[in-house]
Amino acid sequence: MPIVQVSILQGRDKEQIRNLIEGVTAAITTSLDVQPEQVRVLVTELPPSHWGVGGVTKEEQSR
């Protein structure tokens, strides 16, 4: 049973997250030749203060 963990910044709406889950599931079923019911997708939303790029948080970058 494949389990995929995706971390994204907060701020996307439920439809976008639903589309992400659907797309990731489709990619896994094709790549690994498994049924959609076997795929688990875990989406974790992180606040910009907890996401760093180049030593600076996304929160700081947006100021």
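The values are calculated or read from the model by the stated rules, or taken from the named source; none is laboratory data. It should be emphasised that the depicted structure is a prediction, and the values quoted were computed from it without experimental measurement. Counting neighbours? That spans all protein chains shown, and the Cβs are built from the backbone with ideal geometry, glycine included. Ligands, DNA and RNA are stripped out before the accessible areas are found, and what is left, the full protein with its side chains, is counted by its heavy atoms. Shrake-Rupley method; radii C 1.70, N 1.55, O 1.52, S 1.80 Å.
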(message) I need the full set of residues from the stretch 12-49 which are in contact with a Leu (Cβ under 9 Å, 6 or more places away or on another chain) and open to solvent by 70 Å² or more (accessible area, probe 1.4 Å), in order please.
(response) ARG12, GLN38, GLU45
(message) For a quick check of your reading of the model, give me the residue pairs whose first member lies in the stretch 29-40 and is free of Cβ contacts under 8 Å to residues at least 24 places away in the same chain, whose second is open to solvent by less than 100 Å² (accessible area, probe 1.4 Å) and part of a loop (DSSP other than H, G, I, E, B), with beta-carbon atoms closer than 8 Å and at least 6 apart or on different chains.
(response) THR29/VAL39
(message) Looking only at the stretch 15-59, count every residue that is at pLDDT 95 or above, of a type in the set (D, E, K, R) and in a helix (DSSP H, G or I) and tell me the total.
(response) 4
(message) LEU9 - would you say it is of a type outside the set (Val, Ile, Thr), open to solvent by 50 Å² or more (accessible area, probe 1.4 Å) and touching a residue at least 12 places away in the same chain (Cβ under 8 Å)?
(response) no
